[in-house]
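Undergrad: Just passing along the structure, written as structure tokens.
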Amino acid sequence: LTRQNLGENLSGFEMIIDASGDENLGQALFSERKSSGYLLNVVDKPALSDFYFTANAHLGELSVGVSTSGASPSLAALVRDKIAKILPRNLADFIPKLKLARLEAIENSNPQKAEILKPKCHENLGKVFLISCGSGSLQNLTLGALEAFELLDVALSDKLVGEDTREILRNLGVEIINVGKGKDEDSATQEQINALMLSLAKEGKTVGRLKGGDASLFGRAFEEMSFLEENGVEFELISGVSSVFAGCASALITPTIRGVSSGVLIVSAHLKGGEINTTWLEILKTRDITAVALMAHAYAGEILNAARKLNLDLDTPAAFVSNIDRADEKAIVGQIKNLES
């Protein structure tokens with residue numbers, strides 16, 4: 001094409017996309033567009049374009065397009081990806097129901113029928129992120145957690161979530177609701193937390209359930225995921241750095257050592273109903289493994305007494321690490337016999 005023969009070659013087109021990179025051709029097409037009656041898009045030249053392409057996210061019959069009017073397709077793609085991450089997948093099944101209700105309302109001249117499903121739209125937009133926030137320090141906060149924070153409307157936070165992490169949420173404008181789950185203080189019951197998660201999700205909000213360490217290790221994640229699934233609320237589980245490994249690293253302990261420890265056993269020293277768990281000590285008599293007991297610091301005396309009753313070698317290497325990633329962190333490394341001190 002040349003500027004001289006544009007007119008005879010452009011007749012009949014409604015839309016033209018110029019990806020040639022030829023500035024003169026782009027200018028010529030721009031000048032000719034009105035007289036020839038077409039819409040023009042010149043790639044990477046917003047000033048010469050009548051329309052722009054959107055970055056699209058699709059979920060069933062739902063399509064979301066994001067445009068920066070040609071300023072930055074890369075930014076549009078990033079925003080699209082963020083929107084796609086928020087959208088609950090169950091919308092794909094819900095949209096056909098809305099479509100059917102609307103068609104029936106039109107056919108029966110009954111607009112109220114379509115209005116009935118409006119509250120359901122909010123309910124189906126809600127989503128919960130179960131976010132593991134690591135052992136307290138920001139250096140143990142994962143990129144996955146940070147990305148999820150940016151999507152939240154509200155966060156239900158346990159006590160063990162660090163203040164620096166909360167500050168990130170506040171700076172993002174996220175509403176923080178403290179639900180406790182710390183020793184020696186009032187905290188919401190699991191049933192109350194479940195009910196609050198459900199209520200907020202049914203309002204169409206993106207909810208973060210924030211837990212210290214890794215939520216899948218003694219963080220009641222299974223209970224909460226089961227509850228959300230039973231109530232039709234979509235959720236994601238974001239893994240994190242457990243205090244199991246952060247504590248070992250802090251105390252310069254490697255839980256596996258070739259020829260010494262061939263595995264790791266992770267247990268809770270505190271069971272449901274306040275029962276103390278020491279059964280794991282028996283395994284140490286017969287297996288060359290490292291046992292990591294969480295929530296054990298308050299039960300040092302009971303653990304030592306149980307070890308004596310089992311005739312466990314009290315010179316077995318052992319350590320207590322408490323308040324991991326906090327200013328008052330404490331590590332005692334020695335043998336079972338001197339942990340109580």
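Undergrad: Which of the residue pairs LYS202/LYS272; LYS211/LYS309; LYS99/LYS205; LYS97/LYS127; LYS118/LYS211; LYS97/LYS205 have a Cα-Cα distance greater than 28 Å in the structure shown?
TA: Going by Cα-Cα distance, LYS202/LYS272; LYS211/LYS309; LYS118/LYS211 fall outside the 28 Å limit.
Undergrad: Per residue Cα convex hull volume for the chain, in cubic angstrom?
TA: 216
Undergrad: If you don't mind, there's one more thing I want to ask. Which residues' amide hydrogens lie under 5 Å from the amide hydrogen of GLY134, considering only partners 5 or more residues apart or on another chain, with H built in the peptide plane?
TA: GLY213, VAL241
Undergrad: Please list the non-local residues whose amide H lies under 5 Å from the amide H of VAL128, H modeled 1.01 Å from N, same-chain partners needing a gap of 5 or more.
TA: Under 5 Å from the amide H of VAL128: VAL207, GLU234, PHE235, GLU236.
Undergrad: Give the long-range amide H neighbours of ILE177: residues separated by 5 or more places, or on another chain, with amide H under 5 Å away, using H modelled in the peptide plane at 1.01 Å from N.
TA: Distant-sequence amide H within range of ILE177: ALA155, LEU156, SER157.
Undergrad: Please state, to two decimals, what the Cα-based radius of gyration of the stretch 6-51 comes to when divided by 2.2 N^0.38 Å (N = residues).
TA: 1.00
Undergrad: By a straight-distance test (C-alpha under 12 Å), which aspartates and glutamates pair with LYS285 as possible cross-link partners, with residues fewer than eight away in the same chain excluded?
TA: ASP313
Undergrad: Whole-Hz ³J(HN,Hα) for each residue in the stretch 266-273, computed from phi via Karplus 6.51 cos²θ - 1.76 cosθ + 1.60 with θ = phi - 60°, x for glycine and proline: what do you get?
TA: Running phi through 6.51 cos²θ - 1.76 cosθ + 1.60 with θ = phi - 60° gives 10, 9, 9, 7, 10, 9, 4, x Hz.
Undergrad: While we're here: Using helices alone, I'd like the mean residue ellipticity at 222 nm for the chain: each DSSP H run of four-plus residues gives -39500 (n - 2.57), total over residue count, nearest 500.
TA: For the chain, the value works out to -10500 deg cm²/dmol.
Undergrad: Binning every alpha carbon pair distance of the stretch 126-241 at 10 Å from zero, what are the percents per bin?
TA: 15, 53, 30, 2
Undergrad: Mind ranking 193-203, 101-111, 166-176 by how tightly packed they are, going by the mean number of other C-beta atoms within 10 angstrom, highest first?
TA: 193-203, 166-176, 101-111
We did not get these values from a lab; they are worked out from the coordinates using the rules stated. The structure presented is a predicted model; accordingly, all values stated were derived computationally and were not measured. Because the Cβ atoms are built from the backbone with ideal geometry, glycine has one as well, and the counts that use them run over all protein chains shown.
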